[in-house]
Amino acid sequence: MTWQKRLFDLVFAGILVIVLGPVILVLVIYVFLKQGRPLFYVAERMKTPDEGFGLLKFRTMTVVDQQHDQGVSGAHKASRITPVGARLRAKRLDEFPQLWNILKGDLTFVGPRPPLREYVERYPEVYAQVLESRPGVTGLATIRFHRHEERLLARCTSAEETDDVYCRICVPRKAKLDHIYQRNQSLCYDIVLIVQTATNLFRRR
């Protein structure tokens with residue numbers, strides 16, 4: 001990651017912390033009152049093919065042991081989404097705590113979404129190239145494919161089916177979009193993608 005991109009992350013994240021601080025505080029109180037502790041969900045994601053980090057989100061699902069929380073989320077996990085979690089997910093408010101990950105340097109604003117370790121280990125050739133860019137909160141693949149991915153996985157009724165669809169369709173499609181982003185990456189392009197992300201969020205019901 002270039003120093004210009006890192007500087008932009010720090011400045012923009014600092015501004016958002018100031019502007020969104022009251023909103024985040026309200027969300028903390030709301031989550032605590034409506035569904036109690038834990039307030040946050042920390043999930044391991046990969047920053048590089050060899051280095052993981054704790055991705056921070058507001059908790060949107062009921063708590064289960066790690067053995068039953070593996071893999072991406074499909075319809076087989078839908079029953080675990082809390083009413084509060086559904087509201088947060090609808091506008092991606094659950095991702096506000098990732099400002100902390102940006103300030104720490106785990107994430108950038110724009111880049112490939114950070115993958116689970118299990119998929120990085122299963123597809124090392126794919127993620128060796130994808131993770132040449134620092135993972136981001138949003139990106140070209142998020143904008144172009146996220147809603148379609150949600151619909152695909154929402155039809156999967158078992159962990160096995162979810163894994164098959166994700167590996168067969170989602171991994172290669174998102175990797176292709178991530179490669180397009182890498183070839184065109186610039187600070188101006190990042191700003192364009194941030195604006196598109198914000199616009200899409202306002203449009204979502």
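The values are calculated or read from the model by the stated rules, or taken from the named source; none is laboratory data. Quick caveat: nothing in here was measured; it's all calculated off a predicted structure. Cβ atoms come from the backbone with ideal geometry, glycine included; neighbour counts cover every protein chain shown. We work out accessible area using only protein heavy atoms, side chains counted, and drop any ligands, DNA or RNA first. Shrake-Rupley method; radii C 1.70, N 1.55, O 1.52, S 1.80 Å.
Residues in segment 107-138 that are β-branched (V, I, T) and under 20 Å from L56 (Cβ atoms): T108, V110, V120, V137, T138. Only one of the numbered conditions (1) in a helix (DSSP H, G or I); (2) in contact with a Lys or Arg (Cβ under 6 Å, 6 or more places away or on another chain) is violated by P114, and that is (1). When segment 154-198 is limited to residues that are assigned to a loop (DSSP other than H, G, I, E, B) and polar (S, T, N, Q), the one that is most open to solvent (accessible area, probe 1.4 Å) turns out to be T157. A count restricted to segment 30-43 and to residues that are open to solvent by 90 Å² or more (accessible area, probe 1.4 Å), assigned to a helix (DSSP H, G or I) and among the hydrophobic types (A, V, I, L, M, F, W, C) stands at 2.
If you filter segment 114-123 down to residues that are surrounded by fewer than 20 Cβ atoms within 10 Å (Cβ to Cβ) and under 25 Å from Q185 (Cβ atoms), you find that the one that is nearest to the chain's Cα centre (by Cα) is L116.
Among the residues here, M46 qualifies as in contact with a helix residue (DSSP H, G or I) (Cβ under 7 Å, 6 or more places away or on another chain) and within 17 Å of P114 (Cβ to Cβ). Scanning segment 119-152 for residues that are under 18 Å from I180 (Cα atoms) and either assigned to a loop (DSSP other than H, G, I, E, B) or β-branched (V, I, T) (or both) gives V126, V130, L131, E132, S133, R134, P135, V137, T138, G139, T142, I143. Screening Y123 against (1) under 23 Å from P49 (Cβ atoms); (2) in contact (Cβ under 8 Å) with a residue 60 or more places away in the chain leaves a single unmet condition, (2). Within segment 44-86, if we keep just the residues that are among the charged types (D, E, K, R) and not in a strand (DSSP E or B), the residue that is most open to solvent (accessible area, probe 1.4 Å) turns out to be D50. Taking segment 125-175 as the range and being over 23 Å from S186 (Cβ atoms) and polar (S, T, N, Q) as the test, the residues that pass are T157, S158, T162. Scan segment 87-104 and give yes if some residue there is more than 28 Å from V28 (Cβ to Cβ), buried (at least 16 other Cβ atoms within 10 Å of the Cβ), touching a helix residue (DSSP H, G or I) at 6+ places or on another chain (Cβ under 6 Å) and not hydrophobic (A, V, I, L, M, F, W, C), otherwise no. For segment 87-104, residues more than 28 Å from V28 (Cβ to Cβ), buried (at least 16 other Cβ atoms within 10 Å of the Cβ), touching a helix residue (DSSP H, G or I) at 6+ places or on another chain (Cβ under 6 Å) and not hydrophobic (A, V, I, L, M, F, W, C): absent.
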